[in-house]
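Here is the structure we will look at, set down as structure tokens.
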Amino acid sequence: MNEVNRRLAEIEWYYANNDPHARKELFNRIVETARRQQLISYSNLVNGVTFHLPNVNGGQPFVIDPKDWSDLNRAIIGDFLGHISAESYERAGIFVSAIVVTKADGTPGPGFTNFMRDIGVLSAPGETAALECWVREVE
């Protein structure tokens with residue numbers, strides 16, 4: 001097991017393990033977008049997805065309003081994207097969440113860069129290194 005796989009295996013997924021249906025829907029949207037060689041915004045990714053998480057909203061189903069992101073929404077989506085990327089890395093050696101970007105400038109949010117640093121894929125400091133890492137994953 002390489003170092004990245006070891007670090008991924010140590011992560012405890014707080015949200016993503018609790019809703020396989022939402023995780024599958026998000027994964028399918030990412031894969032469909034990647035097959036078209038396009039990027040998808042966080043808002044389009046979550047639009048209309050119903051989440052059923054026992055540790056959120058008293059376990060009641062909810063949707064994330066793409067026009068009103070809260071810190072909790074960002075944490076939930078970050079957890080799901082990390083889990084999806086861990087699975088794609090294990091299966092194919094790629095981090096598919098790289099194609100999920102902000103509407104503002106078409107780049108990933110800081111969560112992607114932090115995730116890549118945390119698991120040891122990105123070790124060089126600075127925005128240039130982060131951008132190069134992201135571009136490699138998108139390609």
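The values are calculated or read from the model by the stated rules, or taken from the named source; none is laboratory data. Being a predicted model, the structure only gives us computed values, none of them experimental. Cβ: placed from backbone, ideal geometry, glycine included. Neighbour counts: every protein chain shown. Note: areas computed on protein heavy atoms with side chains; ligands, DNA, RNA excluded. Shrake-Rupley method; radii C 1.70, N 1.55, O 1.52, S 1.80 Å.
Return the residues of segment 106-127 that are touching a strand residue (DSSP E or B) at 6+ places or on another chain (Cβ under 9 Å) and of a type outside the set (Phe, Trp, Tyr); say none if nothing qualifies.
Residues of segment 106-127 touching a strand residue (DSSP E or B) at 6+ places or on another chain (Cβ under 9 Å): 106-109, 112.
Across segment 106-127, the qualifying residues are GLY106, THR107, PRO108, GLY109.
List every residue pair whose Cβ atoms sit under 6 Å apart, with the two residues 6 or more apart in sequence or on different chains, where the first one lies in segment 52-64 and is over 11 Å from ILE76 (Cβ atoms) and the second, anywhere, is surrounded by 15 or more Cβ atoms within 10 Å (Cβ to Cβ).
Here the result reads HIS52/ASP19; PRO54/ASN18; PRO61/HIS52, each pair linking segment 52-64 to a residue that is surrounded by 15 or more Cβ atoms within 10 Å (Cβ to Cβ).
Residues that are within 16 Å of VAL100 (Cβ to Cβ) and open to solvent by less than 80 Å² (accessible area, probe 1.4 Å): list the helices (runs of 4 or more DSSP H) wholly contained in segment 1-88 that include at least 1 such residues.
Numbers: elements: 3-10, 20-35, 42-46.
Here the list reads 20-35, 42-46.
Of everything in segment 97-134, what is over 29 Å from ASN47 (Cβ atoms) and open to solvent by 80 Å² or more (accessible area, probe 1.4 Å)? Give them in sequence order.
Scanning segment 97-134 gives SER123, PRO125, THR128, GLU132.
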